[in-house]
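**Student:** Just dropping this structure here.
The values are calculated or read from the model by the stated rules, or taken from the named source; none is laboratory data. Please read all numbers here as calculations on a predicted model, not as lab measurements. When we count neighbours, we look across all protein chains shown, and the Cβ atoms used for this are built from the backbone with ideal geometry, even at glycine. All accessible areas refer to the heavy atoms of the entire protein, side chains included, with ligands and DNA or RNA removed. Shrake-Rupley method; radii C 1.70, N 1.55, O 1.52, S 1.80 Å.
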Amino acid sequence: MNILYPQWKSFGVEDITEAFVTLGHTVTDYPYEPKNYRIDPKYKSEIKKYIRTHSTDLVFTSNYFPVISDACNETGIPYISWCYDSPLVLVYSKTVFNPCNRIFIFDSQMVYDLYCLGVKNVFYMPMAVNAKRLAKMSATPAQKKIVESDVSFVGSMYTEKHTLYDRIEGLDEYTRGYIEGVMASQMLVYGCNFVEETLSPAIMENLQKAMPLDTNIGGLETPGYTYANYFLCRKITQTERTEILDGISRRFKDITIKLYTPKETPFLQNIQNMGTVHYMYEMPLVFQNSKINLNITLRSIKNGIPLRAMDIMGAGGFLLTNCQNDFDRHFIDGEDFASYSCREDLYNKIQYYLKHDDERRDIARNGCKRVREEHTYEKRVEEMLGTI
C-alpha cells in the first residue's frame with residue numbers, strides 16, 4: 001500500500017516508517033503542518049489534492065488530528081492514528097465519528113471513555129519498540145561514564161513557567177484548598193484516577209471564573225476533563241516527581257542518581273541533572289546502564305503503559321514503575337518489571353534491587369525478551385492494518 005505519513009515532532013517516526021517498509025509498504029512523508037489541527041480549510045484542501053493525485057491508499061499519523069480525519073473522510077480513504085499522548089483533547093472531537101477512522105490508543109481507560117461516547121472505531125493498542133535497532137546498541141567506555149548510574153529518571157519535571165495550574169490567579173481560598181486536598185489525595189492512590197469526578201459544579205464555576213476556558217469548535221470534551229487533565233494532573237505529576245526524587249536523594253546518600261530533563265533543577269540538590277538525551281541514540285544507553293530506571297507516570301495516563309516504560313524494557317533496562325493497570329495485560333510484576341504501590345514501597349524496592357544484582361538483571365532480561373518478542377512495531381502495524 002501507499003501510505004501518507006504527516007510527521008510533526010512525534011516519537012517513533014523512524015521506527016514506524018521502518019516497520020511499514022519492512023512489511024512491503026511505501027511510505028511518503030507529508031511535512032506540511034496545519035495552522036489549526038481541528039479546522040484548517042486551506043490545509044485540508046491541499047492534503048486532499050495530494051491524496052487524490054498520488055494514489056494514496058491510507059493516511060497514518062502518530063496521535064489523532066481532526067483536520068486529517070475530515071480530509072480522509074471526504075476522499076474516501078482510511079485514516080489510522082496511533083495515540084501515545086495523554087491527555088489528548090483532539091480525540092474529543094466530533095470527527096472521531098467519521099467512518100474512515102481507525103483510532104488506536106495506548107491507554108485502555110481512554111478507549112473505554114470514547115467507546116462510552118459511542119465511538120465505534122477506537123481500539124486499545126499498547127506502544128512498541130524497534131527490537132532490531134535496540135539490539136545493536138551499546139555504550140562505548142566514554143559514553144558509559146556519562147550514562148552509568150544507580151538510579152535514573154528520564155522525563156519532564158513539569159516545572160516550566162507555563163504550567164497551567166500555577167497560572168491561575170484570583171482563586172478563592174476554599175476552592176484552592178479543596179483542589180489541593182484532591183491533588184494530595186490522588187498522589188496517595190495508584191490504579192484509580194478520581195480527580196475529574198471530584199470537581200463539583202460549584203468548584204467548576206469558581207475555576208472558570210479564575211481562568212476561563214475557550215470552547216473548542218466541534219469539541220466533545222467537558223471543562224472538567226480539561227481542568228482535571230491539563231491543569232491538575234500535571235501539577236500532581238510535578239509535585240510527585242519532585243518529592244520522589246528528592247526523597248530518594250535524602251534516603252540514599254551514597255548512590256549515584258541521574259536526572260535527564262530539559263530544565264534546570266536547583267531544588268534537587270543531591271541529584272545530577274544531565275540535561276536532555278536524544279530519543280533514538282542516547283536514551284537507550286541510559287536505560288541499559290542504569291541499575292534502576294524509574295517510571296513516574298504522568299497522572300493523566302489512567303491505565304496505560306507509558307512509551308518510556310516500553311523503551312526501558314526494550315533497551316534491556318530494569319524498570320521500577322508506579323502501578324498502572326495495563327501492565328497486567330502484558331507483563332508479570334516481579335518477573336518482567338517491578339512496581340511500587342507507595343513511596344515507602346518505592347524506597348524499599350530501590351534498596352532491595354540495588355543489593356540483589358542477579359535478581360535485578362534476571363528481571364531486566366525477562367522484560368527485554370518479552371518486549372522484543374511481543375511488542376514490536378512490525379506486530380503493531382500488522383494489527384492496525386488488519387482492522388481495515
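**Student:** Under 6 Å between Cβ atoms, which residue pairs at least 6 apart in sequence (or on different chains) link something in the stretch 186-197 that is of a type in the set (S, T, N, Q) and surrounded by 12 or more Cβ atoms within 10 Å (Cβ to Cβ) with a partner that is at pLDDT 95 or above and in a loop (DSSP other than H, G, I, E, B)?
**Tutor:** Q186/V195; N193/K302
**Student:** Which of the residues spanning the stretch 305-333 are open to solvent by 10 Å² or more (accessible area, probe 1.4 Å) and of a type in the set (A, V, I, L, M)?
**Tutor:** Selection gives L307, I332.
**Student:** List the residue pairs whose Cβ atoms are under 9 Å apart, where the first residue sits in the stretch 255-284 and is farther than 18 Å from A309 by Cα and touching a residue at least 60 places away in the same chain (Cβ under 8 Å), the second is of a type in the set (D, E) and part of a loop (DSSP other than H, G, I, E, B), and the two are 6 or more positions apart or on different chains.
**Tutor:** Short answer, once both residue conditions are applied: T256/E148; P262/E160; K263/E160.
**Student:** Mind listing whichever residues of the stretch 198-222 are in a loop (DSSP other than H, G, I, E, B) and either open to solvent by 40 Å² or more (accessible area, probe 1.4 Å) or β-branched (V, I, T) (or both)?
**Tutor:** Within the stretch 198-222, S200, P212, L213, D214, T215, N216, I217, L220, T222 meet the criteria.
**Student:** Provide a single number: the residues in the stretch 336-360 that are closer than 19 Å to G316 by Cβ and open to solvent by 80 Å² or more (accessible area, probe 1.4 Å).
**Tutor:** Going through the stretch 336-360 one residue at a time, the tally reaches 1.
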